[in-house]
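Each remark here refers to the structure printed beneath this line.
Every read-out reported here was derived from the displayed coordinates using simple, explicitly stated rules and does not represent laboratory data. Remember, it's a predicted structure, so these values are computed and weren't measured experimentally. Glycine gets a Cβ as well: all are built from the backbone with ideal geometry, and neighbour counts include every protein chain shown.
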Number of protein chains: 2
Amino acid sequence: MVTATICTIGDEILIGQIVDTNSSKISTALNSIGVKVVSMVSTSDTEEDIINTVENALRTSNVVVITGGLGPTKDDITKKTLGKLTGATADVESKVQLEIITRILSARGMVPLSPLNKAQALVPDSCKVIPNEFGTAPCMEFEIPQERYGHPALMFSLPGVPFEAEAAIPKVLESIQAHFKLEKIFHKTICTFGIPESTLAQQIEQWEDNLPENIHLAYLPNPVLGVRLRLSIYGVDELQGLQELAENQASLKEIIGDAIYGEGTDSLQKVIGNMLKEKGQTVGVAESCTGGFLASLFTSQPGSSAYFYGGIISYDNSVKTNTLGVEKEVIKKYGAVSRECAEQMAAGARRVLGTDYAIATTGIAGPDGGTPEKPAGTVWVAVATPQEVISRKFSFNSTRRNINIERFASNALNMLRLQLNKQ
Amino acid sequence: MVTATICTIGDEILIGQIVDTNSSKISTALNSIGVKVVSMVSTSDTEEDIINTVENALRTSNVVVITGGLGPTKDDITKKTLGKLTGATADVESKVQLEIITRILSARGMVPLSPLNKAQALVPDSCKVIPNEFGTAPCMEFEIPQERYGHPALMFSLPGVPFEAEAAIPKVLESIQAHFKLEKIFHKTICTFGIPESTLAQQIEQWEDNLPENIHLAYLPNPVLGVRLRLSIYGVDELQGLQELAENQASLKEIIGDAIYGEGTDSLQKVIGNMLKEKGQTVGVAESCTGGFLASLFTSQPGSSAYFYGGIISYDNSVKTNTLGVEKEVIKKYGAVSRECAEQMAAGARRVLGTDYAIATTGIAGPDGGTPEKPAGTVWVAVATPQEVISRKFSFNSTRRNINIERFASNALNMLRLQLNKQ
C-alpha cells in the first residue's frame, strides 16, 4: 500500500495561532485515491527541523506532502532547505510562475516587481514546478530516487495559504497516480440533514450491518452540511463499484427518505438553488439572529443571482418594523423571538423583495441575551411560500454563538428545501 | 528551554475526517508559560505507531501531551500502550474517576455501568490521574525518569473530545510549572490591514533588522484579518518584556501608521464595534456582491446588536432601486458595479436603516460575470458618514468567488475604520 506523511512547516501552527486545516484536506484527497496517510507532522521553520522532519517522513512514506514556509519574507526557508536535501545545484527561474506573479501583482498595482517577489519564481533545479495559479509561491514536486530511502518516493511542497494549497491538490493526485500503482477505491458521499448522528446510526444500523465486506461506511457530521455518509468500495472496477454503491444508496433512501438531500459535494444551498432554477422561482431572506450568514450561504454559490434576490437583515427591531412591516404590537406582545414575529418577517421579506419564497430567522445566538424561557440557542424560523407561511422553533440550548448561527441558518435552509420538495 | 511535542492519536484525523483543533489549543497554552512546542504529530492507533511516536517525542522533548485514543471501544489502546511504555506492573482503579463515570452515566440513564465503562476507571500504576470532570476517560500524567532519555520528562494523556481536553489544560500547566524551571516568553501580535505582506516586509525591513536578538518576528497573513505581525521576546521578566515589546510596537507605528488596527485577537469588526460603542453610534450595510458576508462579520461579534442595526442585501437590481432608492438611470448609465451605484446604495442604506454610518459593496465576485473593463475581483465600496459619502474601487483580478467576497468585505470594513479614525 502506498503510504503518505503530511508535514506542515511554520511557527504559526506550533504556537497555536493557526489551526492546521490543510492537512485534513490533503489527507481526504490522498485517501480518496487509495493512499494511506500514516502520519501528520508540524515542525518549525529552521533548516534542522525541516530536514529532520522531511527525512523521517521520507523514510516511512512513499509520498510526502509539505505545506507552508513558502512566503516571500525572511522567515520562510523551506524552498532552500528542500533544494539542499534533494541535491539541487542551482536555483532556476520558473517562467510560468514568474508570469503568474507578474499577473497577480500587476492587478494589485505592484509593478515593477520587488526583488523579493521576483525571487519567488526561483526554484531549486531538483524540482518540477506545479504552477500556483492563485498565489506567488510556486508549488514544487521532487522525485526521490529509490536508492535513497529504499523505496520510491515523491515529495511535494505547497504553499500554506489554504486555498492555494487546495488548488494544487488535483495536480498532486495526478502525479501520484502516474508514479504508483494504487489499489482501486471508489467513494460515494450521501448528504443527509435533520437527523442527529446518533439517531441516524440507530435508524440505519441494520442497513449498515448488511453492507458487503468491501464497502466501508464513515459518518461525517457538520453543523452546516448535516451528517454526510461516505461509502467506500475497495478492490472492484469502476463500473461494478459505482453500481454497488448506487444500490446501497437506494436501499438507504428507503429507510431515511427525504433526509437525504444530495450527494458528493452538494450543500443545502446548492440543492435549493438547483430546484429554484428549475422552477424559475426566486427566494429572499429576512435575518435577525443569523445576521447575514444565511444570505451568505446562498450567495457563496456561483450563479446564485439567478434566484437569490436579496435580503433584509433586521438586527434592530426598528428594521423589523420599518422595513419588513412587522407590527410593533407583535414584538411588544410576543417578543422578537416568537412565531408571530418570524412569520411576519418572512411574509414581509417576500413582499418587499418581490420573491416567490422568503425565509426568516429570529432567535438568540448567545452567548448572552438568553432567558429561562428562551435560552441562547433558541430560534424561530418561518418560510413564506406563494401559498402559506409555515414556522418552527428549534432549541439547541447552547451559548456558542457561531455554532448557533450555523445551526439556525442550516435548519432554515432545510425547512425551505422540504417546502420546495412539496411544491 | 523546556520543549514539548503534542501527539494526537486516531484514524479520524489521519483520514481527514476531523480537523485537529486540540493541538492548537494546547500549544497556545504551553507557549503562554514559556514551553516551546517543537513538533506536533498525528499517528494511528496501533501499538507500534503509538510507541514509535511517543518515544520519538520523549527523545526530543521535556513535555509530551497526547490527545485521543482513550474511548471505551476496542480500537483505543493508548492507555495500555502508555502503561507498557512506562513500565506499569498492574492496572489500578481510579476511585475519583469511577465516581465521575457513575455520575455522568447515571444522568444518561446508563446504570448499572457496563464492564466496558467500568474499565475506563482503570489506569496503569505508573501514572497519576488527573480527573476528567466532563467525560468518562481519565486524564493521566506520567513522570519519566531522567536516565531514560537523558533529560527529565513529563507525559500527559488527555481525551480527544475537544472540551474535555481543554478542561484538563490548567492542571497540565500547573504540573509542568511545578516540575521545570521555565524560561520566560511573552508575545505581542500587532494587527495590520491594507498593506500586502511583501510590501509590508519591505517597508519595515530596517525596523525588523534592528530588532534585538531576543525578539523574534513572524508574519501571519489572512484575507479577512490582514497581515498580523507577531513579536515574541525571550528570556526577560514580564515587566521588561512587555515594555520592550511596547517600545518596538511604537516604533513600528511610526512607520506604518494607521495600517495598524489592533493587537492580539482583534479583528476589524471587533475594533470597529468598540469605536462605535464608544461614540454611541450605529452602522448598517448595503451588500450586493458580498451577499450577507459583510453583515455576518459584524454579527459574529457578541453584543453587536448595540451598534449594528441591520442591512439590505440588494443582490438583484430591483432591490437596489426599490429598497435602497438607487436611481434606475444610474444603473442604466454606469452599471451596477460603479462608483455612482455604490454611493447611492450607501446613502440609501444609511437613510432606510436610520444609522450613522453605512457601507455598500457592489462588484463581481466571480467566477463568471466579469468583463474586460470590470473583471471578476472588481468591487466598488462606498462608506456613508454623517458628513459625506466616500467611495473607492478595489481590483483583485481573481475568479475565486469566496476569497473575493472575503477581500471585498474586509476592505470595506477597513474603509469604515479609517473614516471612524477621522471622526
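For the reader, a short list of remarks on this structure follows.
- Among beta bridges that DSSP assigns inside the protein assembly as shown, antiparallel share in %, nearest 5: 65
- Relative to the other identical copies, A:Lys393 shows label-point distances of 5.3 nm, where the label point lies 7 Å from Cα along the Cβ direction and values run shortest first.
- Electrostatic dipole magnitude of the range A:1-56 [Cβ: Lys, Arg +1; Asp, Glu -1; Cα centre; debye, to 20]: 500
- Relative contact order for the range B:353-416: 34 percent, from Cα pairs under 8 Å spaced at least 6 residues apart, divided by residue count.
- Most positive-pole-ward Cα, A:Pro131, A:Leu154, A:Val224, against dipole of chain A from beta carbon charges: A:Val224
- Whole-Å semi-axes of chain A's equivalent ellipsoid (Cα gyration tensor): 46, 28, 19
- 14 Å beta-carbon shell around B:Ala295, net charge (K/R +1, D/E -1): -4
- Projected label distance in nm at A:Leu239 and B:Gln177, using a 7 Å step from Cα toward the beta-carbon: 6.9
- Starting from the label point of B:Glu147 at 7 Å along Cα→Cβ, the same points in the other copies fall at 4.5 nm, in ascending order.
- Across the cross-link table entries B:Lys393/B:Lys422; B:Lys333/B:Lys422; A:Lys253/A:Lys279, which are compared at the Cα atoms, the separations over 26 Å belong to B:Lys333/B:Lys422.
- Within the range B:141-248, the trypsin sites (Lys or Arg not before Pro) that combine a DSSP coil assignment with at most 12 other C-beta atoms in a 10 angstrom radius are B:Lys181.
- Spin-label pair B:Gln146/B:Glu47, simplified geometry with 7 Å Cα→Cβ offset, distance in nm: 3.3
- Separation of alpha-carbon centers, the range B:109-153 and the range A:107-151, rounded to whole Å: 47
- Measuring between their Cα centroids, the range A:343-359 and the range B:377-419 lie 28 Å from each other.
- Cross-link check: pairs A:Lys80/B:Lys188; B:Lys84/B:Lys181; A:Lys79/B:Lys270 evaluated at a Cα-Cα cut-off of 32 Å; pairs beyond the cut-off: A:Lys79/B:Lys270.
- Among B:Val19, A:Val111, A:Val330, A:Val283, a tally of other beta-carbon atoms within 10 Å of each Cβ gives an order, fewest to most, of A:Val111, B:Val19, A:Val330, A:Val283.
- Stokes-Einstein D for the range B:152-191, Kirkwood Rh over Cα pairs, 4 °C, 1.567 mPa s (µm²/s): 105
- Nearest-ten-degree value, helix B:268-279 long axis tilted from longest Cα axis of chain B: 70
- Label spacing, shortest first and in nm, from B:Glu93 to its equivalents in the remaining copies (7 angstrom along Cα→Cβ): 7.6
- Mean residue ellipticity, 222 nm, helices only, chain A: the sum of -39500 (n - 2.57) across DSSP H runs of n ≥ 4, divided by residue count and rounded to 500, is -12500 deg cm²/dmol.
- Magnitude of the charge dipole, the range B:4-117, Cβ model with Lys/Arg +1 and Asp/Glu -1, debye to 20: 440
- Label-to-label distance, A:Asp368 versus B:Lys184, with points set 7 angstrom from Cα along the beta-carbon direction: 3.5 nm.
- When chain A is treated as a Gaussian network with alpha carbon springs shorter than 10 Å, the biggest mean-square fluctuation among A:Gln269, A:Gln146, A:Gln249 belongs to A:Gln146.
- Full-stretch length increase - B:Ser32, B:Asn274 - with 0.36 nm per residue and alpha-carbon distance subtracted: 84.5 nm
- Rounded to the nearest 10 degrees, the inclination of helix B:238-256 to the longest alpha-carbon principal axis of chain B is 30 degrees.
- Of all the options B:Gly83, B:Gly135, B:Gly369, the one that moves most in a Gaussian network model of chain B with Cα springs shorter than 10 angstrom is B:Gly369.
- In angstrom, the C-alpha Rg and Dmax of the range B:185-263 are 12.0, 35.
- Dividing the radius of gyration of the alpha carbons in the range A:115-208 by their Kirkwood radius gives 1.19 for Rg/Rh.
- Residue among A:Ile405, A:Gly16, A:Ser44 farthest towards the positive dipole end of chain A, charges placed on Cβ: A:Ile405
- Solution diffusion estimate, µm²/s, Stokes-Einstein, the range B:28-81, Kirkwood Rh from C-alpha pairs, 10 °C, viscosity 1.306 mPa s: 129
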